[in-house]
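A.B. asks: Got a structure for you, written out below as structure tokens; questions coming shortly.
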Amino acid sequence: MGFINQRGAEWSKWDLHVHTPASLVQHFKATEEKDIWEKYISDLESLPAEFKVIGINDYLFLDGYRKVKEYKKNGRLQNLDLILPVIEFRLKKFAGHKQFKRINFHVIFSDEVTPDLIQNQFLNTLTGEYYLTPGVDKSMWNGAVTPDSLVDLGNKIKASVPAEQLIHFGSDLEEGFNNLNLDEKSVIDRLKDSTYFKGKFLFAIGKTEWDALPWSDGSIAEKKDVINKAHLVFTASESVTDFNNAKGKLSEQKVNDLLLDCSDAHYNSESTDKDRIGNCFTWIKADRTFDGLKQIVNEPDRVFVGDMPEIISRVNANKTKYIDSLKVDRIAEYKLQEEWFNTTEITLNHELVAIIGNKGNGKSAIADIIGLLGNTKNGDHFSFLTSSKFRKASPNRAQSFNAILVWASGDVDTMNLNDKVTPSSFEKVKYIPQNFLEKLCNDSETDFEKELRKVIFTHVSAADKLNQPTLEDLIKYKTEIVNEKIAFIKKDISEANSILIELEKNRSPLYSKTIEENLKAKQAELEAHNSSKPIEVLEPTTSLEIQSQQQDYFAQINQLKSDLEKITKEIKEKTEAKLNLNIELTDLQKFQQSTANFQQQYEKLKTDYRENLRKYGFDVDNIIKLTIESSLVSERINAIGNQVTEIDLLFAPNNTTNLPSKKAQLNKDIKELQAKLDAPSKLYQEYLEAIKIWQAKQIELTGNVEADGSINFLEEQLKYIDETLVTDIESARELRIEKVRELFKAKSDIIKVYKELYNPVTKFISQYSNLTSNYPISVDVSLKLSGFMDRFFNYVSQGAKGSYYGKEDSFSRLLTQIEGVDFNEEEAVVGFLNNIITSLEFDQRETFNDEPREIINQLRKDVYEDFYEYLFGIDYLIPHYGLKLDNKNVSELSPGEKGALLLIFYLILDQDDIPLVIDQPEENLDNQSVYKILVPFIKEAKNRRQIIIVTHNPNLAVVCDAEQVINVRIDKADANKVHITAGAIENLKINNKLVEILEGTLPAFNNRDLKYSITKENRGVN
């Protein structure tokens, strides 16, 4: 029996074609210090450490194998775990033209078969038959294949040739061997028909000689037949490139391409000949037993030909990421009467480990312990190391055991099983307990998607994470500037909305009618006013009768009126001046405040980036420089303040000389003087006052285009509505749409950020499309409409006449407008918005023929501005990450499917290369789903990280090609002693454990017999 490795199937070099000094053809040599055999054995002992298995290959006989095994029995060749007997034959098939070559055929026997058994039950049964001379008394040789018979054959051959040719012949043995050719059918049949060799042999054919067979019409079938009968094909390549070319050629020829590179050693290791000891490129991942070798026939991917398998290189480069072993033992002060983990030690394979066992036998205990020692973040979800089980208060069994995790680097982590992982601990093992997965998949969908995002975040390279702790933080960080830009654009849209609302209100027929009615009223008022013009009073004629006193009164009144006119004009001028000064003051103060805000933003910008830029050798003060001459504006503001103060003083009540007081005094003085006038003069003065007031009123009614409420103003308004308003509305809408386009582009920039970050998922789907074909995964990162319909009808009344009248009809209409719109296309979004506005402006119900409607009349009270802010702010278009499994949204997945999806992400998308431990990944999935979903991804994931799965379904271990199977069993009758059995699938003990646990026992396992045929053979089942 070969070496049984508890670590399971591991890569090592297998050279299955090594000749010995006992071979009939060989070129081994002795040295002065060592005879030929000692030199040969020393060469084998000096093989690089990766060589663990050799096949001792001799022509026809087993003398060399017997000798090597004797050395091994005497304590030599400790570096080799398995030595197999290989017998080489030459077949009755010839190849070539000028130089004939015979096909080499090899039989590789199990080391469990003794040399005597091979000799007696196989070799001694082989015979050959040759007619060496013509005529009635033909010279004939016919005998079993033995050294003596070969000598006899050689002697007869030499006797049948002319004497002068004998100088070209070798010894009788050599000539007998050189001329003996066997029929492969007889060789194969002898073994297949024998009860002694069932499952204990493999056939291999020499590729070089086979390749020389011609592909003629009469030999194609025979050429294919002889290679396809063999289990393996041997070659001795000059280089890996030569090997790959040879294998590629076999694949192209559609024949057996399970090609192994062998040394075909006929020379010592220091020879320059390619056929020397150690010149072999073949690695095999298997139990180092004959059964392990048989596995490669069904699993050719267990063979690697080259310098070193990738897993070995990966482990060597990342030794802190691979667990070598787990040890659990009780503490020195142990007082319990139970065994549990007393002196438990498990060596772990670096690829896929499957921990199996019946329910309640401690499988999850091993996973929890590894998770604890690996500082898992999911310690709250342990199923064994809990207060209700192993950490129960009385007795607390956990505190009586210590555990040690040994890494490939030699580092050691030790903890008591009652310890807890501190939150700040560095996570060395990613552990997915069954409880954690179930909770995640049965509780909040948000938590499930958060976990997906965590996995996605691991796929973002360290350089691209920008020191952000989570995917959400990274998105926020990368979109911060874009969001600031969005805020500015939305402010512009808000201003455009305010302008448009006023313009659209002006377009209302009610508004036009109101202006028209006001104009008619003003015109009627003007007409009435014109008809009430004061009757002219002529100025009294100056005569001698008018006393000098009256003339003096008249002169004084005229002077006072002149002064009054000046005072009135000054009051008007000062009032207008104060208004203009206040407008200027407000504008300058707003500018000054904006400048201060800008200055504050500028200082914040420098503060935010000062340290960051300093890391790259920049001084922010040298890059950003701002000059604000605020003193100029401040001086002007102060000057305006002084001017306003001076004007206010002219109107101040406490100023006895203020302008209103002066005006009032003048009016009083004029009235007093007018009272002293005679009747004609008084009448004339009254007429002057009346006509002046009448003229002022006429001017007021007529006004100008800027005088609000005047006839000219109202006429100009009507003219603007008729001729210009529609154009202004269209221009304002175009401006708003341009801003919406800017806003959409900014949102699209956010989508680009999302796509960059979610790109690993997209690549994953593309890269592993062959694995997801049975259960396809799809992903979509885009802008999606969110909550629009409900919000829309919070603004638009379904009871107002218009396109959206009626609850059912309005929902149907809006839904139709939404359907088919690609909200990730700028033009589509613009078209959608224009469609909404058109529907509000024109009644699109069938019987209303696009009858014009006012937007404001279809909105709920006081929401006009809010509606426009919502509609054109497009906040309802949000970045959306959509993931589907088998064409179903995440929200539609069952808990089992969610778990499967999450496991797929852990296995393939998760870029952490620390060990991944999964407790019962098959839970909630039927066997078909396990095969379709989990198996391909587990097999893929083990190529880049150490995977440990805990399962009560050994099917999973089998179909995932676990490199190591660990059976855990708690013997309750033996004080709860934990028993561990570990090894490769092809190991007989592991076979038995798999069969014991499988539902239906052996019949269930028989379905996999083609792949794992060793099971029946090992168990003696036909």
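The values are calculated or read from the model by the stated rules, or taken from the named source; none is laboratory data. Just so you know, these numbers come straight off a predicted model, no measurement behind them. Here the Cβ positions follow ideal geometry from the backbone for every residue, glycine too, while neighbour counts run over all protein chains shown. Note: accessible area is taken over every heavy atom of the protein model, side chains too, but ligands, DNA and RNA are not part of it. Shrake-Rupley method; radii C 1.70, N 1.55, O 1.52, S 1.80 Å.
A.B. asks: Could you look through region 336-351, keep only residues that are surrounded by fewer than 24 Cβ atoms within 10 Å (Cβ to Cβ) and aliphatic (A, V, I, L, M), and pick out the one that is nearest to A9 (Cα to Cα)?
C.D. replies: In this case the residue turns out to be I346.
A.B. asks: Under 8 Å between Cβ atoms, which residue pairs at least 6 apart in sequence (or on different chains) link something in region 829-849 that is under 14 Å from L859 (Cα atoms) with a partner that is open to solvent by 10 Å² or more (accessible area, probe 1.4 Å) and part of a helix (DSSP H, G or I)?
C.D. replies: Pairs found: I836/Q817; I837/R733; S839/R813; S839/Q817.
A.B. asks: Here's something else I'd like to know. Step by step: first the residues of region 431-479, then only those that are within 14 Å of the chain's Cα centre (by Cα) and of a type in the set (S, T, Y), then the one that is nearest to H952 (Cα to Cα). Which residue is that?
C.D. replies: Of everything passing the filter in region 431-479, T458 is nearest to H952 (Cα to Cα).
A.B. asks: Of all the residues that make up region 665-695, how many are at pLDDT 85 or above and either among the aliphatic types (A, V, I, L, M) or in contact with an Asp or Glu (Cβ under 6 Å, 6 or more places away or on another chain) (or both)?
C.D. replies: 4
A.B. asks: Out of all the residues in region 420-450, which are of a type in the set (K, R), surrounded by fewer than 18 Cβ atoms within 10 Å (Cβ to Cβ) and in contact with a helix residue (DSSP H, G or I) (Cβ under 8 Å, 6 or more places away or on another chain)?
C.D. replies: Those that are of a type in the set (K, R), surrounded by fewer than 18 Cβ atoms within 10 Å (Cβ to Cβ) and in contact with a helix residue (DSSP H, G or I) (Cβ under 8 Å, 6 or more places away or on another chain): K420, K439.
A.B. asks: Given I227, I220, which one is modelled with pLDDT under 85 and not basic (K, R)?
C.D. replies: Among I227, I220, only I220 is modelled with pLDDT under 85 and not basic (K, R).
A.B. asks: May I ask you to list the residues in region 416-468 that are among the charged types (D, E, K, R) and not in a loop (DSSP other than H, G, I, E, B)?
C.D. replies: Residues satisfying the conditions are K430, E438, K439, E445, D447, E449, K450, E451, R453, K454, D464, K465.
A.B. asks: Scan (1) within 26 Å of E923 (Cβ to Cβ); (2) open to solvent by 50 Å² or more (accessible area, probe 1.4 Å); (3) touching a residue at least 24 places away in the same chain (Cβ under 8 Å) for the single condition K478 breaks and write down its number.
C.D. replies: For K478, the exception is condition (1).
A.B. asks: Please enumerate the residues belonging to region 786-804 that are part of a helix (DSSP H, G or I), surrounded by fewer than 15 Cβ atoms within 10 Å (Cβ to Cβ) and more than 35 Å from the chain's Cα centre (by Cα).
C.D. replies: N794
A.B. asks: Any idea which of (1) open to solvent by less than 40 Å² (accessible area, probe 1.4 Å); (2) touching a Ser or Thr at 6+ places or on another chain (Cβ under 9 Å); (3) of a type outside the set (S, T, N, Q) is the one A230 doesn't satisfy?
C.D. replies: Condition (2) is where A230 drops out.
A.B. asks: Just to be sure I understand, how many residues within region 454-464 are in contact with a helix residue (DSSP H, G or I) (Cβ under 6 Å, 6 or more places away or on another chain) and open to solvent by 50 Å² or more (accessible area, probe 1.4 Å)?
C.D. replies: Going through region 454-464 one residue at a time, the tally reaches 1.
A.B. asks: While we're here: For region 161-182, give me each residue that is acidic (D, E) and within 17 Å of F61 (Cα to Cα).
C.D. replies: Result: D172, E174, E175.
A.B. asks: Another one. Only one residue in F448, F401 is in contact with a strand residue (DSSP E or B) (Cβ under 7 Å, 6 or more places away or on another chain) and touching a residue at least 24 places away in the same chain (Cβ under 8 Å). Which one?
C.D. replies: Selected residue: F401, the only one of F448, F401 that is in contact with a strand residue (DSSP E or B) (Cβ under 7 Å, 6 or more places away or on another chain) and touching a residue at least 24 places away in the same chain (Cβ under 8 Å).
A.B. asks: If you don't mind, there's one more thing I want to ask. Within region 762-775, can one find any residue that is open to solvent by less than 40 Å² (accessible area, probe 1.4 Å), in contact (Cβ under 8 Å) with a residue 24 or more places away in the chain, under 25 Å from S494 (Cβ atoms) and part of a helix (DSSP H, G or I)?
C.D. replies: No, region 762-775 has no match at all.
A.B. asks: Sort out which residues of region 721-732 are in contact (Cβ under 8 Å) with a residue 24 or more places away in the chain and either under 30 Å from A524 (Cβ atoms) or open to solvent by 30 Å² or more (accessible area, probe 1.4 Å) (or both), and write them in order of number.
C.D. replies: Those that are in contact (Cβ under 8 Å) with a residue 24 or more places away in the chain and either under 30 Å from A524 (Cβ atoms) or open to solvent by 30 Å² or more (accessible area, probe 1.4 Å) (or both): I721, L725, V726, D728.
A.B. asks: Let me ask another. For residues that are more than 14 Å from L123 (Cα to Cα) and surrounded by fewer than 14 Cβ atoms within 10 Å (Cβ to Cβ), scanning just region 170-191, find the one that is modelled with the highest pLDDT.
C.D. replies: K185
A.B. asks: Only one of E584, E573, E516, E525 is closer than 30 Å to E635 by Cα, open to solvent by less than 90 Å² (accessible area, probe 1.4 Å), assigned to a helix (DSSP H, G or I) and modelled with pLDDT of 85 or more. Can you tell me which?
C.D. replies: E584
A.B. asks: Same structure, new question: Look at I355 and say whether it is assigned to a strand (DSSP E or B), in contact (Cβ under 8 Å) with a residue 12 or more places away in the chain and among the β-branched types (V, I, T).
C.D. replies: yes
A.B. asks: Do you know which residues across region 484-508 are open to solvent by 70 Å² or more (accessible area, probe 1.4 Å) and without any contact (Cβ under 8 Å) to a residue 60 or more places away in the chain?
C.D. replies: E484, F488, K491, E495, E502
A.B. asks: From the list D225, D242, exactly one residue is closer than 27 Å to H266 by Cβ and without any contact (Cβ under 8 Å) to a residue 24 or more places away in the chain. Which is it?
C.D. replies: Within the list D225, D242, the selection yields D242.
A.B. asks: Given (1) in a helix (DSSP H, G or I); (2) surrounded by fewer than 15 Cβ atoms within 10 Å (Cβ to Cβ), identify the lone condition not met by G371.
C.D. replies: Unmet for G371, out of (1) in a helix (DSSP H, G or I); (2) surrounded by fewer than 15 Cβ atoms within 10 Å (Cβ to Cβ): (2).
A.B. asks: Right, another one. Kindly indicate whether R636 is farther than 26 Å from K692 by Cβ, of a type in the set (K, R) and in contact with a Leu (Cβ under 9 Å, 6 or more places away or on another chain).
C.D. replies: Yes; evaluated as a whole, the condition is true for this residue.
A.B. asks: Something else now. Within region 605-616, which residues are open to solvent by 70 Å² or more (accessible area, probe 1.4 Å) and modelled with pLDDT of 85 or more?
C.D. replies: Once the filter is applied, which keeps residues that are open to solvent by 70 Å² or more (accessible area, probe 1.4 Å) and modelled with pLDDT of 85 or more, region 605-616 yields L605, T607, Y609, E611, R614, K615, Y616.
A.B. asks: For residues that are in contact with a Lys or Arg (Cβ under 6 Å, 6 or more places away or on another chain) and open to solvent by 20 Å² or more (accessible area, probe 1.4 Å), scanning just region 238-259, find the one that is modelled with the lowest pLDDT.
C.D. replies: Ranking the qualifying residues of region 238-259, first place goes to E238.
A.B. asks: I've got another one for you. Filter region 950-967 for residues that are in contact with a helix residue (DSSP H, G or I) (Cβ under 7 Å, 6 or more places away or on another chain) and assigned to a strand (DSSP E or B) and give the result.
C.D. replies: Residues satisfying the conditions are V950, T951, V965, N967.
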